[in-house]
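Take a look at the structure set out below.
The values are calculated or read from the model by the stated rules, or taken from the named source; none is laboratory data. Since we're looking at a predicted model, the values are computed, not measured. For neighbour counting, all protein chains shown are included, and Cβ atoms are generated from backbone atoms with ideal geometry for every residue, glycine included. Each accessible area value is taken on the protein alone, full model and side chains, heavy atoms only, with ligands, DNA and RNA left out. Shrake-Rupley method; radii C 1.70, N 1.55, O 1.52, S 1.80 Å.
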Amino acid sequence: MFVFNNIKNLQQHLSSINDDENIGFVPTMGALHEGHLSLIKRAQKKSDIIVVSIFVNPTQFDKPEDLVKYPRTLENDLKLLETVNCDVIFTPTVDEIYGDTIQSTSFTFDGLEHQMEGKFRDGHFDGVGTIVKRLFEIVKPTNAYFGEKDFQQLQIIKKMVEKHKILINVTGCEIFRENDGLAMSSRNTRLTKEHRLAAPFIYKTIKKAKKKFKKKSPKKVINWVKKKFKKHSLLELEYFEIADEKTLQTIEKKDSDKKYRAFIAVFAGEIRLIDNIKL
Ligand code: PAF
């Protein structure tokens with residue numbers, strides 16, 4: 001396994017790859033868990049060389065304290081990556097990526113960026129677009145893999161690739177869950193014991209909402225979820241929305257030809273958790 005923290009050395013190494021071999025890329029912010037490993041395993045099915053980046057991207061954090069507290073576990077991450085036979089790890093410094101100006105570029109993603117996470121996390125998707133585009137330019141993969149837990153991010157990256165004519169296949173991979181249903185996330189390690197025990201309520205509730213959606217209107221389902229969380233003493237609902245899977249626009253009425261997904265963001269104490277479910 002090769003580990004690089006500078007662009008020049010990484011690119012020099014990647015340039016020695018044979019023409020008939022292709023690169024599969026899994027961008028991460030580290031604090032790796034089984035969910036990340038499942039992306040790597042998926043990438044290994046289609047690509048010859050797997051590159052994983054570990055970079056806590058400052059421009060996608062809307063709150064400075066969240067950036068400071070984001071878990072950083074490089075030593076453990078590298079051990080985990082060895083277990084799945086990852087080929088190349090790229091762990092750049094902030095300076096290597098941004099130089100003197102830690103700033104994001106402004107993007108338009110045809111309105112996808114104004115929904116859900118975009119409403120609650122100012123500038124978040126400009127930060128994501130900036131870093132993913134930059135990493136794509138550096139690594140030049142054939143295929144790139146992202147988890148569906150950040151479904152809005154996945155749709156935005158697909159849109160960016162389409163709008164900027166970037167020749168990379170972007171694949172979304174199913175949410176990986178703990179045994180109790182909690183969606184795996186690097187942030188889960190920051191939950192208190194009490195909040196960790198409470199957190200599976202999120203998936204339980206959206207699974208019930210999915211059942212209700214078969215017979216009830218979106219508004220009724222949304223109100224039902226809101227009521228459930230109002231009664232919960234440890235979890236605070238930020239949003240629960242039902243949206244068209246493609247446009248991410250929230251809906252008032254169901255249309256049988258369209259695909260929908262429910263999206264949720266919840267505070268478990270200080271920790272913000274997101275999840276979603278196909279309806
Ligand atoms: O999903 C993440 O971990 C990050 O948003 C990403 C895609 C690695 C960009 O920093």
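Figures for the structure shown
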{"read-out": "Tabulated pairs, the range 9-23, first closer than 12 Å to Pro141 by Cα, second open to solvent by 70 Å² or more (accessible area, probe 1.4 Å) and at pLDDT 95 or above, C-beta under 9 angstrom, 6+ apart or interchain", "value": "Gln11/Lys140; Leu14/Lys140; Ile17/Asp48; Glu21/Asp48; Asn22/Lys46; Asn22/Asp48; Ile23/Asp48; Ile23/Lys140"}
{"read-out": "Residue in the range 98-136 that is nearest to Arg261 (Cα to Cα), counting only those that are hydrophobic (A, V, I, L, M, F, W, C), part of a helix (DSSP H, G or I) and open to solvent by less than 20 Å² (accessible area, probe 1.4 Å)", "value": "Met116"}
{"read-out": "Subset tally (residues that are open to solvent by 10 Å² or more (accessible area, probe 1.4 Å) and either without any contact (Cβ under 8 Å) to a residue 24 or more places away in the chain or touching a His at 6+ places or on another chain (Cβ under 6 Å) (or both)) for the range 235-273", "value": "7"}
{"read-out": "Residue list for the range 69-111, restricted to those being more than 20 Å from Val132 (Cα to Cα) and among the β-branched types (Val, Ile, Thr)", "value": "Thr73, Thr83, Val84"}
{"read-out": "Within the range 156-170, tally of residues that are open to solvent by less than 30 Å² (accessible area, probe 1.4 Å), away from the ligand (no atom under 12 Å from the Cβ) and either part of a helix (DSSP H, G or I) or under 18 Å from Met29 (Cα atoms) (or both)", "value": "1"}
{"read-out": "Among the residues listed as Val88, Val94, Val68, the single one being open to solvent by 40 Å² or more (accessible area, probe 1.4 Å), away from the ligand (no atom under 15 Å from the Cβ), aliphatic (A, V, I, L, M) and more than 12 Å from Leu32 (Cα to Cα)", "value": "Val68"}
{"read-out": "Test: residue in the range 9-32 that is within 24 Å of Ile271 (Cα to Cα) and small (Gly, Ala, Ser)", "value": "yes"}
{"read-out": "Lys207 part of a loop (DSSP other than H, G, I, E, B) and under 23 Å from the mean Cα position of the chain (by Cα)", "value": "no"}
{"read-out": "Close pairs (6 angstrom Cβ cut-off, 6 or more residues apart or separate chains): touching a residue at least 24 places away in the same chain (Cβ under 8 Å) in the range 129-142, within 11 Å of the ligand (Cβ to nearest atom) and open to solvent by less than 10 Å² (accessible area, probe 1.4 Å) anywhere", "value": "Ile131/Asn57; Val132/Ile157; Leu135/Ser53; Val139/Phe25; Pro141/Phe25"}
{"read-out": "The range 183-204: number of residues that are in contact with a strand residue (DSSP E or B) (Cβ under 7 Å, 6 or more places away or on another chain) and part of a loop (DSSP other than H, G, I, E, B)", "value": "4"}
{"read-out": "Which listed residue, of Asp150, Asp180, is part of a helix (DSSP H, G or I) and either within 12 Å of the ligand (Cβ to nearest atom) or within 23 Å of His36 (Cβ to Cβ) (or both)", "value": "Asp150"}
